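Single-structure report; data block below.
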Amino acid sequence: MTLGREESQVAQQVTTGSEVVGYRRDHDAVDPPYLHPDYVATRTRAPKRPLIPLPHTLSEITGPVYGHERIGELDHDLTRQHEGEPLGERIIVSGRVLDGDGRPVRNSLVEIWQANSAGRYPHQVDRHPAPLDPNFSGAGRCLTDDDGSYRFITVKPGAYPWKNHPNAWRAAHIHVSLFGPAFATRLVTQMYFPGDPLFFQDPIFHSVRDPRDRERMISGFDLENTVPEWALAYRFDIVLRGREATPIEED
Amino acid sequence: MALMPTPSQTVGPFFHIGLSDDGRAELVSPDDPDAIRLWGTVFDGTGEPVDDALIEIWQANRAGRYAHPEDTREQIPLEDGFAGFGRCATDTQGRYEFITVKPGAVPGLGGALQAPHIEMSVFARGLLKRVATRVYFPDEVEANEADQVLGSIADPAERGTLVARGEAGALRFDIHLQGDQQTAFFGV
């Protein structure tokens, strides 16, 4: 991973003194609580003791670097990983990964997974009686570019039933996993689609308490990135935690 | 202008599709003379093993250097092929297992060395955000005693949940998500 000028300066600040520059803890107000009883599985899995505050040391401000790992040429295109094309509505999902100060998070791994267009995962645990698609595995990955941008081509995932409560259905979503620059910035989230009629009864979506925060998990229809006569597009920008230190202004 | 972070959501039961642990549970070759086996079982609040958890670890190399641009201590060598990251999904018995090396000590607050430790994240269905913990080593009694992070945990039993147990030539680190034996988890 090559460091831009801003990152080099942060790195210098971090290691010239004996104290490192940590990450802001504003995610605490945004993230769902561990225990959200409407999501039944949290009842036996949510830790009950209060979290122990961990000061940010070198161990927390560093994290896995993926820049050197090879990403396959078609890893970002979920519609071209098999002999034929998957069924469903082809879509482009793109956006930028930014830090809390609006700076691009570069060369950072983005991993996604999702159900097929019928709402079925090719996973042994998934018993939903909807068809599997031999041309769709539902997994993709890519690295963000210098602008923090990423782009996937896939099909729109279907909604699927689950057993959380009577007639429970997950709102359509794509799982998104990000590392960012540090152990502290690790994030797994879900991208939702605008106007989904299933939001009202989805306890995972509603585990995020503030409606404005929930709103930021919903992608936007992205006319600009549609490809005429080929695919519609959705935009999903992702924000990772910002740094505690005052950012150095660019020239 | 500060931007608020995107909220966390659960990995759900199907993460195996997208978060491949293929080859990532071995950070070093099992033939490495310093190789250690770090394993454990993840339990829920009813004492049942959690067979759909994902464990990730992050650690310094055996000399105590992180393979990361912000660890600029050039005097400590990096190791070719050692990235310091591991990922392992639990099996049907709720078990995970890594082959790695014991990391060297790294500086903490005020520059004092921390006891050797491995950073660990646990993801699972029913966890709306990861839980983060640290694995400490049973043969580092003195360093553990002096460690600032361990020292910040008042209850000795809770502190003890962070020290792996030496067992049959391996290190065992069970994770209890909930209950009387709950593992100490950190707000990172």
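Read-outs throughout are calculated quantities, based only on the coordinates presented, and are distinct from any laboratory measurement. Only a predicted model underlies this, so the values are computations on that prediction, with no experimental measurement involved. So basically every Cβ, Gly included, is an ideal-geometry build from the backbone, and we count neighbours across all protein chains shown.
Between the helical axis of A:5-16 and the longest alpha-carbon principal axis of chain A there is an angle of about 60 degrees. Given springs between every Cα pair under 10 Å in a Gaussian network model of chain A, which of A:Arg209, A:Arg70, A:Arg103 has the largest fluctuation? Maximum fluctuation in the GNM of chain A, among the listed residues, is at A:Arg70.
Using the per-residue mean of other Cβ atoms lying within 10 Å as a proxy for protection, in what order, highest first, do the peptides B:32-43, A:88-99 fall?
Going by the mean number of other Cβ atoms within 10 Å, highest first, we get A:88-99, B:32-43.
Taken one residue at a time, the phi angles of the range B:177-188 give Karplus couplings (6.51, -1.76, 1.60, θ = phi - 60°) of 5, 8, x, 4, 9, 3, 5, 6, 10, 9, x, 8 Hz. Gly and Pro are set to x.
Taking amide H positions as modeled 1.01 Å from N, with prolines and chain starts lacking one, the residues under 5 Å from B:Gln178 and 5 or more places away or on another chain are B:Gly45, B:Thr183.
For the segment A:26-35, counting C-beta atoms of other chains within 10 Å of every residue's C-beta and taking the mean gives 5. Considering only A:Glu224, A:Glu85, A:Glu215, the Gaussian network model of chain A with Cα springs below 10 Å gives its largest mean-square fluctuation to A:Glu224. Counting Cβ atoms of other protein chains within 10 Å of each residue's Cβ and taking the mean over peptide B:125-137 gives 6. Around the Cα centre of the range B:15-176, unit charges on the Cβ atoms of Lys, Arg, Asp and Glu (plus for the first two, minus for the last two) sum to a dipole of about 280 debye. Between the alpha-carbon centres of the range A:151-209 and the range A:74-96 there is a gap of 18 Å.
Computed from label points 7 Å out along Cα-Cβ, the spacing between B:Ala154 and B:Asp21 is 3.5 nm.
Each part gets one Cα centre, and for the range B:21-37 versus the range B:139-188 those centres are 23 Å apart.
Here the 3J(HN,Hα) profile of the range A:83-94, calculated from phi with Karplus coefficients 6.51, -1.76 and 1.60 at θ = phi - 60°, is 3, x, 8, x, 6, x, 8, 5, 9, 10, 10, 9 Hz, Gly and Pro shown as x. The helix-only estimate of mean residue ellipticity at 222 nm for chain A, built from DSSP H runs of length n ≥ 4 each weighted as -39500 (n - 2.57), is -3000 deg cm²/dmol after division by the residue total. Restricting attention to the range B:15-176, close to 80% of DSSP beta bridges with both partner residues there are antiparallel.
DSSP assigns beta bridges within the range A:5-239; of those with both partners inside it, close to 80 percent run antiparallel.
Of A:Ala46, A:Ala172, A:Ala159, which has the largest mean-square fluctuation in a 10 Å C-alpha GNM of chain A? Checking each option, the largest mean-square fluctuation is seen for A:Ala46. For A:Ile218, the residues whose modelled amide H falls within less than 5 Å of its own, excluding neighbours fewer than 5 places apart on the same chain, are A:Tyr192. Evaluate peptide A:186-195: per residue, the Cβ atoms of other protein chains within 10 Å of its Cβ; return the mean as an integer. Mean shielding count: 5.
Amide hydrogen proximity for A:Asp101: with H placed 1.01 Å from N in the peptide plane, the residues at 5 or more positions away or on another chain lying under 5 Å are A:Arg243, B:Leu3. Restricting attention to the range A:131-251, close to 90% of DSSP beta bridges with both partner residues there are antiparallel.
Whole-Hz Karplus values for the range A:114-129 come out as 6, 6, 7, 5, 8, x, 10, 9, x, 9, 4, 7, 7, 9, 4, x Hz, taken residue by residue from phi with 6.51 cos²θ - 1.76 cosθ + 1.60 and θ = phi - 60°; glycine and proline positions read x.
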